[in-house]
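Enquirer: Got a structure here, written out as structure tokens. Questions coming.
None of the figures in this text is laboratory data; all of them are computed from the coordinates on show. Just so we're clear, the structure is a prediction, and the values are computed from it rather than from any experiment. Cβ placement follows ideal geometry from the backbone for every residue including glycine, while neighbour counts extend to all protein chains displayed.
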Amino acid sequence: MRKIGNQQFTFPTGDGSISSGCVISAPSLNTDAFTAQYFHQNPSTAGFDTSQHASSISSILSKGYWIINRDNGNSDIQVSLTYDSAKSGPIPSIYDLRVVSWDGSQ
């Protein structure tokens, strides 16, 4: 799904019958554009080497990931993601979750 404009937006993303939305804060300009998609699968099946992560990250969830891209503009935005242990598996503590991004190699 693609969003153009300077309003906060909730992407109603999903993969088949599994939904997992994300929210972006309001971009600065009306011409800024972002796309978002959720995949309910192991990120390694999409070519992300989940063993290549910063030493401060102990593991990568294996049951879902988002791809959020800035298609136009240069606004700094905040991203909020949803998490559901029934869909993505249990974690020891919500305080253990971190949002990380893939830079092409890590």
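Enquirer: Ranked highest first by average number of other Cβ atoms within 10 Å, how do 31-39, 95-103, 71-79 line up?
Expert: The most tightly packed comes first, giving 31-39, 71-79, 95-103.
Enquirer: Residue by residue, what Karplus-based ³J(HN,Hα) values in Hz, rounded to whole numbers, does region 58-70 have, using 6.51, -1.76 and 1.60 with θ = phi - 60° and x for Gly and Pro?
Expert: Karplus-based 3J(HN,Hα) across region 58-70 equals 7, 6, 10, 4, 10, 10, x, 7, 10, 10, 10, 10, 8 Hz.
Enquirer: Pull out the extension gain between Y83 and I67, defined as 0.36 nm times the separation in residues minus the alpha carbon to alpha carbon distance; nm, one decimal.
Expert: In short, 4.3 nm is gained.
Enquirer: Another question, if that's okay. Which far-off residues, 5 or more places away or on another chain, put their amide H under 5 Å from the one on A26, with H placed in the peptide plane?
Expert: Sorted by chain and number, the residues that satisfy this are Q8.
Enquirer: Now for a separate question. Provide the convex hull volume over Cα atoms per residue for the chain, in Å³.
Expert: Output value, Cα hull per residue: 111 Å³.
Enquirer: Pairs of alpha-carbon atoms within less than 8 angstrom and 6+ residues apart define the contacts here; what relative contact order does the chain have, in percent?
Expert: Relative contact order here is 28 percent.
Enquirer: Roughly what would the spin-label model give for S93 and S105, points 7 Å off Cα along C-beta, in nm?
Expert: Rounded to a tenth, the inter-label distance reads 3.4 nm.
Enquirer: Under a plain spin-label model, where a point goes 7 Å from the Cα along Cα-to-Cβ, how far apart in nm are N42 and S75?
Expert: Each label point lies 7 Å from its Cα, and together they span 3.8 nm.
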